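Novice: One structure, as structure tokens, below. Some questions next.
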Amino acid sequence: MNEILTHILTGKDNETHDIARWAWALGFIVVASAALYLIYSGHEISLTELAGALGIVSGSGAASVAAKQMSGSEPQ
């Protein structure tokens, strides 16, 4: 499990932590946690807003991965 998290949250060398990937993971956890809290506390949740929030988080994660694919953006 630790190897999977290391691979997701670090760059090409699997050692250098990437702030964009950490921000994506934290954003995803926050949105999912807020949705679970609202569901379990008996509040109504808007699936459109939830989908929009997850889309924004996923889009930012995809943009950070695309930026990292550029040559010279990561240490060798």
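Novice: Filter the DSSP H helices in the chain by two things, a Kyte-Doolittle mean of at least 0.0 and an axial alpha-carbon span of 30 angstrom or more, and list the hits by number.
Specialist: Flagged H segments are 19-40, 47-68.
Novice: Is it possible to state the helix-based mean residue ellipticity at 222 nm for the chain, with each DSSP H run of 4+ residues giving -39500 (n - 2.57), the sum divided by total residues, to the nearest 500 deg cm²/dmol? What is it?
Specialist: The per-residue figure over the chain is -23000 deg cm²/dmol.
Novice: Averaged per residue, what accessible surface does the chain expose to a 1.4 Å probe, in Å²?
Specialist: Working: 5680 Å² over 76 residues.
Solvent-accessible surface per residue comes out at 75 Å².
Novice: Ignoring ligands, DNA and RNA, please state the percent of accessible area on the chain from carbon and sulfur, probe 1.4 Å.
Specialist: 67
Novice: Further question: Suppose every K and R has +1 on its Cβ and every D and E has -1 on its Cβ; what is the size of the dipole of the chain about the Cα centre, in Debye to the nearest 20? Display every interim value, and only then the final one.
Specialist: Values: 3 positive and 7 negative charges, 19 e Å.
For this selection, approximately 100 debye.
Novice: Over the chain, what relative contact order in percent results from Cα pairs under 8 Å that are six or more residues apart?
Specialist: 34
Novice: Assuming R0 = 30 Å, can you tell me the calculated FRET efficiency for the pair SER64 and MET1, based on Cβ-Cβ distance, to the nearest 0.05?
Specialist: It comes out at approximately 0.85.
Novice: Using only protein heavy atoms and a 1.4 Å probe, report how much of ILE56 is accessible, in Å² to the nearest 10.
Specialist: Counting only protein heavy atoms, the figure is 130 Å².
Novice: Same structure again: In vacuo Debye scattering of the chain, one point per C-alpha: log10 I(q)/I(0) at q = 0.20, 0.21 Å⁻¹?
Specialist: -0.87, -0.92
Novice: Provide LEU38, LEU5 ordered by accessible surface of protein heavy atoms (probe 1.4 Å), highest first.
Specialist: Final ranking, largest accessible area leading: LEU5, LEU38.
The values are calculated or read from the model by the stated rules, or taken from the named source; none is laboratory data. The structure displayed is predicted, hence computed values, not measured ones. Here the Cβ is made from the backbone with ideal geometry for all residues, glycine too, and neighbour counts use every protein chain on show. Note: accessible area is taken over every heavy atom of the protein model, side chains too, but ligands, DNA and RNA are not part of it. Shrake-Rupley method; radii C 1.70, N 1.55, O 1.52, S 1.80 Å.
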